[in-house]
Amino acid sequence: MNASRAGRRIADALSYVAVLTGLLFAAATAASFALGAGFVGAKHLLFYAGFALFGYSTLRLRPKPSWKRERDGAESSPREETRFQRLARVPLPESWVLPPEERVPPPAKLFVGSLAVLATSAAMEFVFGVGVPP
């Protein structure tokens, strides 16, 4: 793999992580303000969402058991692109877009995204002082 392709894979993964974190932040903030909890509620919602994504992505990262691989046969279906993955590609220039089978696997991007969501929740508390008594 050359450096250009590796850079485009990283850019694709970072775009996915940024869009995922941004959308979750916007949704958590909107829901929290609608319920009257402000940024403190958004911080908590982001923590729970990040923790749930962390667990889900960890389960998706596990390799398929050998008995399932043998039953399914040697054929592996090409990766299909979801609507969210198409949305996450929007910030990238068209020349940087790779075919789905050459990108970082979606469970790996989701795992890194869960860490970014948890980091956003932590930054809201530790850096910006959200929910910390004066």
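Each reported figure results from applying straightforward, stated rules to the coordinates on display, with no laboratory input. These figures come from a predicted structure and were not determined experimentally. Backbone-built Cβ (ideal geometry, glycine too); neighbour counts: all protein chains shown.
Miscellaneous remarks
- Once the chain from Ala26 to Thr82 is taken as fully extended at 0.36 nm per residue, the excess over their C-alpha distance is 18.1 nm.
- Crossing angle, helix 38-61 versus the chain [Cα axis fit, 0-90 degrees, rounded to tens]: 20
- Listed by chain and number, the lysines placed with their C-alpha closer than 21 angstrom to that of Lys109 are Lys64; residues fewer than eight positions away on the same chain are left out.
- The angle between the Cα long axis of helix 106-126 and the longest principal axis of the Cα atoms of the chain comes to about 10 degrees, rounded to the nearest 10.
- Selected from Lys109, Lys68, Lys43 as most flexible by GNM, with the chain as the system and alpha-carbon contacts under 10 Å: Lys68
- Applying 1/(1 + (r/R0)^6) with R0 = 35 Å to the Cβ-Cβ distance of Glu125 and Arg71 gives a FRET efficiency near 0.15.
- With both labels modelled 7 Å from their Cα along Cα-to-Cβ, the Glu102 to Tyr48 distance reads 4.2 nm.
- Under a Gaussian network description of the chain, with springs only between Cα atoms under 10 Å, the residue in Pro106, Pro65, Pro93 that fluctuates furthest is Pro65.
- Our coupling estimate for region 95-101, obtained by passing each phi through the Karplus curve with A = 6.51, B = -1.76, C = 1.60 and θ = phi - 60°, is 6, 8, 6, 9, x, x, 6 Hz, Gly and Pro reported as x.
- When the Gaussian network model of the chain links Cα atoms closer than 10 Å, the mean-square fluctuations of Arg89, Arg62, Arg79 top out at Arg62.
- Per residue of the chain, the DSSP helices (runs of n ≥ 4 H) give a summed -39500 (n - 2.57) that works out to -23000 deg cm²/dmol at 222 nm.
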